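S.K.: Please find one structure pasted underneath; my questions will follow.
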Amino acid sequence: MNQGNVSQCPIVEEELNADATRFFDLLKDSNEPLWDGCTNNSKLLAVAHVFTIKSDHGLSEAGYEKIIELVRSIFPEGNRLKENFCAAKSMMKPLGLGYQKIDMCPNFCMLYYFEYVELTECMTCKHSCYKPGTSRVKTLMAYNFPIIPKLQRLFMSSRIAEHMTWHQSHDAVDGVMVHSSDGEAWKHFNSLYPHFSVESRNVRLGLCTDRFNPFGSFAAPYSCWSVILTVYNLPPGMCMRLEFMFLSTVIPGPSSPGWNIDVHF
């Protein structure tokens, strides 16, 4: 069966909004050399490398700025390395790498979110959302990494945007499954939600989760869970590549959420 004849919605060019404009300005920094004549580092790459070192080694902001002060004095005059942590953080902000903390029940019964944000105890197990003897320190928090900005970025590249309709436009062969879109489950979903499936640019996501110990295999048992989304609109050779797998949630330990992990979805 050939799905290439499915009608496609016309591509309408729109003016860039403020967020997209800031993002494309940041991309210009990726092509701007760290100083005139520098060939192995761009303004953006240098800041990203220093940020990575700060994160990997737990440097304080004061320690970060001392290193930057030394490095700027070594580099040629007129170098474009950001002068302090605040300026570097403002530069990286358009990448959309922020996160949101969401309070949760220590027994993984519920999230204190939306209309439940003001509650002080769990609706299911009645456990207080504060640590014993305190009225401000929360017992447990999950970390949410907004997925919408990451998906919007996929359509900011004309090359990737074209691949985002591959699941509907590729030539499918009866009896041969090369992609999830060739499967019966995908076709059943299309029949249930025709208004969603008719627009090939609507995003199909796969969800997976895995446990890891952030303190190493020889540390005390600790169950930290990551929730990762994959984009199934893309061709098979792209949808499972690291750059198209997005971390959406981190559920801290020390205990495992077990079957209650679904409260985070």
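S.K.: What is the one condition in (1) out of contact with any Leu (no Cβ under 6 Å at 6 or more places or on another chain); (2) open to solvent by less than 60 Å² (accessible area, probe 1.4 Å); (3) in a loop (DSSP other than H, G, I, E, B); (4) farther than 27 Å from residue 112 by Cα that residue 175 does not satisfy?
M.R.: Of (1) out of contact with any Leu (no Cβ under 6 Å at 6 or more places or on another chain); (2) open to solvent by less than 60 Å² (accessible area, probe 1.4 Å); (3) in a loop (DSSP other than H, G, I, E, B); (4) farther than 27 Å from residue 112 by Cα, only one is false for residue 175: (2).
S.K.: Of everything in the stretch 115-136, what is open to solvent by less than 70 Å² (accessible area, probe 1.4 Å) and either under 14 Å from residue 103 (Cβ atoms) or at pLDDT below 85 (or both)? Give them in sequence order.
M.R.: 119, 122, 128, 129, 130, 134
S.K.: Separate question: Can you name every residue in the stretch 58-93 that is more than 21 Å from residue 23 (Cα to Cα) and within 22 Å of the chain's Cα centre (by Cα)?
M.R.: 58
S.K.: Please verify whether the stretch 150-166 includes one or more residues that are under 24 Å from the mean Cα position of the chain (by Cα), among the aromatic types (Phe, Trp, Tyr) and in a helix (DSSP H, G or I).
M.R.: Within the stretch 150-166, one or more residues are under 24 Å from the mean Cα position of the chain (by Cα), among the aromatic types (Phe, Trp, Tyr) and in a helix (DSSP H, G or I).
S.K.: Residue check: is residue 18 of a type outside the set (Lys, Arg), modelled with pLDDT of 90 or more and loosely packed, with under 11 Cβ neighbours inside 10 Å?
M.R.: Against the criterion (of a type outside the set (Lys, Arg), modelled with pLDDT of 90 or more and loosely packed, with under 11 Cβ neighbours inside 10 Å), residue 18 does not qualify.
S.K.: While we're here: How many of the residues making up the stretch 26-47 are open to solvent by 60 Å² or more (accessible area, probe 1.4 Å), of a type outside the set (D, E, K, R), farther than 19 Å from residue 84 by Cβ and modelled with pLDDT of 85 or more?
M.R.: Number of matching residues: 3.
S.K.: Can you say whether residue 146 is assigned to a loop (DSSP other than H, G, I, E, B), in contact (Cβ under 8 Å) with a residue 12 or more places away in the chain and open to solvent by 90 Å² or more (accessible area, probe 1.4 Å), as far as the supplied structure shows?
M.R.: When the stated conditions are applied, residue 146 does not pass them.
S.K.: For the stretch 217-234: of the residues being assigned to a loop (DSSP other than H, G, I, E, B) and open to solvent by less than 20 Å² (accessible area, probe 1.4 Å), which is modelled with the lowest pLDDT?
M.R.: Result: 223.
S.K.: Let me ask something else. For residue 240, state whether it is of a type outside the set (Phe, Trp, Tyr) and modelled with pLDDT of 90 or more.
M.R.: The answer is no for residue 240.
S.K.: Would you tally the residues in the stretch 238-261 being under 17 Å from residue 106 (Cβ atoms), open to solvent by 60 Å² or more (accessible area, probe 1.4 Å) and part of a helix (DSSP H, G or I)?
M.R.: Residues that pass the stated criteria total 2.
S.K.: Moving to a separate point now. So, of the residues in the stretch 225-237 that are among the aliphatic types (A, V, I, L, M) and in contact with a strand residue (DSSP E or B) (Cβ under 8 Å, 6 or more places away or on another chain), which turns out to be nearest to residue 162 (Cα to Cα)?
M.R.: Only one residue fits best here, namely 231.
S.K.: Select from the stretch 57-113 the residues that are of a type outside the set (Asp, Glu) and part of a strand (DSSP E or B) and write down the one among them that is most open to solvent (accessible area, probe 1.4 Å).
M.R.: It comes out as 101.
S.K.: Quick check on my filter: what residues within the stretch 178-214 are assigned to a loop (DSSP other than H, G, I, E, B), more than 14 Å from residue 232 (Cα to Cα) and of a type outside the set (Val, Ile, Thr)?
M.R.: Hits for the stretch 178-214 are 193, 199, 213, 214.
The values are calculated or read from the model by the stated rules, or taken from the named source; none is laboratory data. Here the structure is a predicted model, which is why all the values come from computation and not from measurement. Cβ atoms come from the backbone with ideal geometry, glycine included; neighbour counts cover every protein chain shown. Heavy atoms of the whole protein, side chains included, go into the accessibility calculation; ligands, DNA and RNA do not. Shrake-Rupley method; radii C 1.70, N 1.55, O 1.52, S 1.80 Å.
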